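These notes are about the structure you will find just below.
The values are calculated or read from the model by the stated rules, or taken from the named source; none is laboratory data. This is a predicted model, so every value here is computed, not measured. With ideal geometry, Cβ positions are generated from the backbone for all residues, glycine too; neighbour counts draw on all protein chains shown.
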Amino acid sequence: MKKTNLLIFLLLPLFCLAQSTLKLKGKITNETTPLEWADVSISNSEGKIIDGTTSKQDGTFEINIIKGFYKIKINLLGFSDFEKEIAIESDTDLEVIILKENTTKLGEVVIQSKKKTMEQKTDRLVYNLENNVVTVGGDALSAINTAPGVVVQNNTINILGKGTSRVMIDGRMIELSGEELNSFLKSISASDIKNIEIISNPPAKYDAEGMGGLINIIMKKGVRDSWKNTTTASYDQNKYGIYTLRDNFFYNKNKFRFSVSVNAKKGYINATDDLKMYFPGGLSHMKSVTKVKTENLSGKLALDYDLSERTTVGFQYLNDRNNPDFKSDIRIDNYNTQNQLEDVTLNTSFTDKGYRNQTYNAHLITKLDSLKRKLSFDIDYFDYHSNFDRNFIANNYTPDMLFVDVNQSGRNISNQAIDNLSFKADMEHPFQALNLSYGAKISFTNSISDVLYYNTISGTPELDANQSNRFKYTENNQAFYVNGDKKFGEKWNFQIGLRLENTQTTGFSETLYQETVNDYLKLFPTFYASYRKNENNTFSLNYGKRINRPRFDLLNPFRIYINSNSYSEGNPFLRPSFSDNFEFSHSYKEILRTSVFVNAVSNGYGVLFTSNPETNTQIVTRENYFKNLNYGLGETYSATFADWWSSENSLYFLGAKTEFIKDINATPSNSLQVDFSTNNTFVLGKTTKLQVDFAYSTPFKSGLYEVGYTSSFDIGFKQDLFNKTLQVAFLANDIFNTSYLKDFTSVVNDVKQVYDQKESNRFVRLSVVYNFGNKKINVKERAFGNQEEKRRTTNN
């Protein structure tokens, strides 16, 4: 309690130092006339936008600002962007700024000037989606997968060499992970995304959770006093079909801002699994074919109102519902040591699966004075429910498929309810010497999960108390952070931060009457330094410490059967793992970027696919069993080979050294991994683009596991119609069907396991995007503050 009170008292010491406010003004025109509604933004030394406005009818604009070094950026649809670094020492008049129209005719082909696809900032890499064709009509998840150095596979989003990454929207966390996170991202239209920020070492302002850094999705914005509606309809064809319909409406008038979105998806995907387990008595080969229902309905409502010029209040509500029921047909062939088929087990099951979550947010933002000191408060409540109801029967047969007996017949029921309440406050406090920010957060989480198992062999369900359980878990967290950045001249920029997190957890199994308590206080420092040698060369160095807390469901000690000879169980003694991340990078003309990184993981936890050779049973569990040193070299290259051909390319070399800190009867091994991708855009006309993408990752070994190669070849086509109010797009994804997980191999207890999984990665998509209304829409988005807790409620 003393630790908690200390953090609360340290919350926000509101002190002020007198500084003079200066005026920055100018006038925006084209070659002949003033330009109205041009967006003007002012960024600090770390690339963060601190203020902005729009030009008036006569093209003039004016912004109040304090002394310092800034970058001014002006953009207007139909014109090339204007950027300039400025030093503000007194009132400054930029006088007339002339924007140039961004269309140049080259014979029969019209080339539009475009933003740089990649931009390097002090603490992040910015990936602009403007030129990407394959994401049109797609969703946020597919857009993330096109970002250089980011890979999406098997319900996880990874920054290469870093690990699983968390996701934010407009700088605020999405509190989901795994399947539920992917489903949520699929409900967001890629056409509404401006760019994606890849933050390998997040600043102290953000929760320290997550080994693999952060992916920050920046949504498109516009100007005031306008409205806009975007409707997207698409159809995916794999073995089955999936229909998607999205509608997003934004309204911004005077002091009132309103947005609402509704997203629906319905259809099926086909998933196949192949598992070979080499027991001493012979091979056990499992093949599974699953038809998974894709049924999602989600919506978001956001309201903001300006109480005054300095104070804004707002409310948000998010509801996401999914019902991914699935039917599985599993065949298990058991062989003897002479590789002769001895018996066959056929397992048929149907799973009624569903989950829903609701998030409520109320917030207040106030500017304390004209010196840009800004205070914000957030109150968040998160409510999550999931259910899993699986009926299965497994029958034994002879090699000639004559019925022998019932191997197993049962019903697994698993329910989980989680609620989280959090309070968060942040203060931006610029000084003449440096920009300072600090804040605090407290959160309270409760989780209850039930696991029931019924034996149904007799035809009458009988509760098996030894395989049933009720598990309660509470987690409270208090955090305080401080962060400062300082620019020295035109070449050097430094940023340093410190985050303190105090955590108390209690897990209690009512069935076992077993309680597990944990209490820890940890510091998480961050550091960034960048040096701009000249216009062509920029160097940067950063460091950050991170924590990876187990998801709530992984702490439940009871088992859930996957099939008759395979089950998964949690571990109440699972502890967080920690990582220290170092990265050094160089950027040449923002065309060629080189990154060297090292990531040291201690007390690492993960999935263990162990086996019981006596019963030929596979056991999926989780343990803190390793420490890791990951390292790598990454190169990204942006090229324009012709006026009609642009290309984005990346090449990564990854390695690791792994030690097992627990006796799991296995030997670690590591090897070099090479990952290559190329995205090529071809301009076929003023309104027509073609994109051809290819990615390849070599086979590699990493600690306990060996993984086979993956590759993908995609072709996308986009046609703009009616002055871009209508877009029609076509995508052929993973044409050769080679992007699935293959040859996922481990050896534990002298039992080798080899696993493959396919999940309808090969498909074709037809999309139509329709925009109407006033396109000069400006929507301020705010997400939710209970960031980590919601992420850890769901499965990877």
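Scan segment 519-555 for residues that are assigned to a strand (DSSP E or B) and either without any contact (Cβ under 8 Å) to a residue 24 or more places away in the chain or in contact with a Pro (Cβ under 9 Å, 6 or more places away or on another chain) (or both) and jot them down. If you could, list the steps in order and put the result at the bottom.
Step one: of segment 519-555, the residues assigned to a strand (DSSP E or B) are 519-532, 537-548.
Asp519, Tyr520, Lys522, Thr526, Tyr528, Tyr543, Gly544, Lys545, Arg546, Ile547, Asn548 - these are the residues of segment 519-555 that are assigned to a strand (DSSP E or B) and either without any contact (Cβ under 8 Å) to a residue 24 or more places away in the chain or in contact with a Pro (Cβ under 9 Å, 6 or more places away or on another chain) (or both).
Criterion first (in contact with a Phe, Trp or Tyr (Cβ under 7 Å, 6 or more places away or on another chain), surrounded by fewer than 20 Cβ atoms within 10 Å (Cβ to Cβ) and among the polar types (S, T, N, Q)) does Ser669 satisfy it? I'd like the intermediate steps shown before the answer.
On the way: in contact with a Phe, Trp or Tyr (Cβ under 7 Å, 6 or more places away or on another chain): no; surrounded by fewer than 20 Cβ atoms within 10 Å (Cβ to Cβ): yes; among the polar types (S, T, N, Q): yes.
In short, no.
None of Val620, Val674, Val607 is surrounded by fewer than 19 Cβ atoms within 10 Å (Cβ to Cβ) and at pLDDT 95 or above except Val674.
Listed here are the residues, each with its yes/no results for (1) assigned to a strand (DSSP E or B); (2) without any contact (Cβ under 8 Å) to a residue 40 or more places away in the chain.
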{"residue": "Gln691", "(1), (2)": "yes, no"}
{"residue": "Asp714", "(1), (2)": "yes, no"}
{"residue": "Gln719", "(1), (2)": "yes, yes"}
{"residue": "Lys724", "(1), (2)": "no, no"}
{"residue": "Phe730", "(1), (2)": "yes, yes"}
{"residue": "Ile735", "(1), (2)": "no, yes"}
{"residue": "Lys742", "(1), (2)": "yes, yes"}
{"residue": "Val754", "(1), (2)": "yes, no"}
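For segment 646-666, enumerate the residues that are charged (D, E, K, R) and in contact with a Phe, Trp or Tyr (Cβ under 7 Å, 6 or more places away or on another chain). Glu659, Lys662, listed by residue number.
For segment 419-478, taking the residues that are aromatic (Phe, Trp, Tyr) and in a strand (DSSP E or B), the one that is farthest from Tyr567 (Cα to Cα) is identified as Tyr438. Tyr561: modelled with pLDDT under 85, touching a Phe, Trp or Tyr at 6+ places or on another chain (Cβ under 7 Å), among the aromatic types (Phe, Trp, Tyr) and not in a loop (DSSP other than H, G, I, E, B), yes or no? In short, yes. Within the bounds of segment 65-81, is there any residue that is loosely packed, with under 15 Cβ neighbours inside 10 Å, modelled with pLDDT of 85 or more and either touching a strand residue (DSSP E or B) at 6+ places or on another chain (Cβ under 7 Å) or outside the structural domain of Lys486 (by TED's automatic domain parsing) (or both)? No, segment 65-81 contains no residue that is loosely packed, with under 15 Cβ neighbours inside 10 Å, modelled with pLDDT of 85 or more and either touching a strand residue (DSSP E or B) at 6+ places or on another chain (Cβ under 7 Å) or outside the structural domain of Lys486 (by TED's automatic domain parsing) (or both).
Quick check on Pro613: is it touching a residue at least 24 places away in the same chain (Cβ under 8 Å), on the phi < 0 side of the Ramachandran plot, more than 24 Å from the chain's Cα centre (by Cα) and buried (at least 19 other Cβ atoms within 10 Å of the Cβ)? The answer is no for Pro613. When the criteria are applied in full, Tyr637 fails the requirement of being over 30 Å from Ile330 (Cα atoms), surrounded by fewer than 21 Cβ atoms within 10 Å (Cβ to Cβ), touching a residue at least 60 places away in the same chain (Cβ under 8 Å) and assigned by TED's automatic domain parsing to the domain that holds Ser540.
Here is a yes/no grid of residues against (1) modelled with pLDDT under 85; (2) surrounded by fewer than 16 Cβ atoms within 10 Å (Cβ to Cβ); (3) in the same structural domain as Thr538 (by TED's automatic domain parsing):
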position	(1), (2), (3)
Ile8	yes, yes, no
Thr21	yes, yes, no
Leu24	no, no, no
Ile28	no, no, no
Thr33	yes, yes, no
Ala38	yes, no, no
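When Asp329, Asp369 are screened for being modelled with pLDDT of 90 or more and in the same structural domain as Tyr755 (by TED's automatic domain parsing), only Asp329 passes.
Pairing residues of segment 177-192 that are touching a residue at least 24 places away in the same chain (Cβ under 8 Å) and part of a helix (DSSP H, G or I) with residues that are surrounded by fewer than 23 Cβ atoms within 10 Å (Cβ to Cβ) and of a type in the set (Phe, Trp, Tyr), at Cβ distances under 8 Å and at least 6 apart in sequence or on separate chains, gives Glu180/Tyr355.
Name the residue, out of Thr511, Thr456, that is modelled with pLDDT under 85, surrounded by fewer than 19 Cβ atoms within 10 Å (Cβ to Cβ) and on the phi < 0 side of the Ramachandran plot. Give the derivation first.
Numbers: Thr456 fails: modelled with pLDDT under 85.
It is Thr511.
May I ask you to list the residues in segment 263-290 that are farther than 23 Å from Pro399 by Cβ and buried (at least 16 other Cβ atoms within 10 Å of the Cβ)? Result: Asn263, Lys265, Gly267, Tyr268, Ile269, Ala271, Thr290.
Answer yes or no as to whether Ile28 is closer than 15 Å to Lys84 by Cβ and within 35 Å of the chain's Cα centre (by Cα).
Details: closer than 15 Å to Lys84 by Cβ: yes; within 35 Å of the chain's Cα centre (by Cα): no.
No; evaluated as a whole, the condition is false for this residue.
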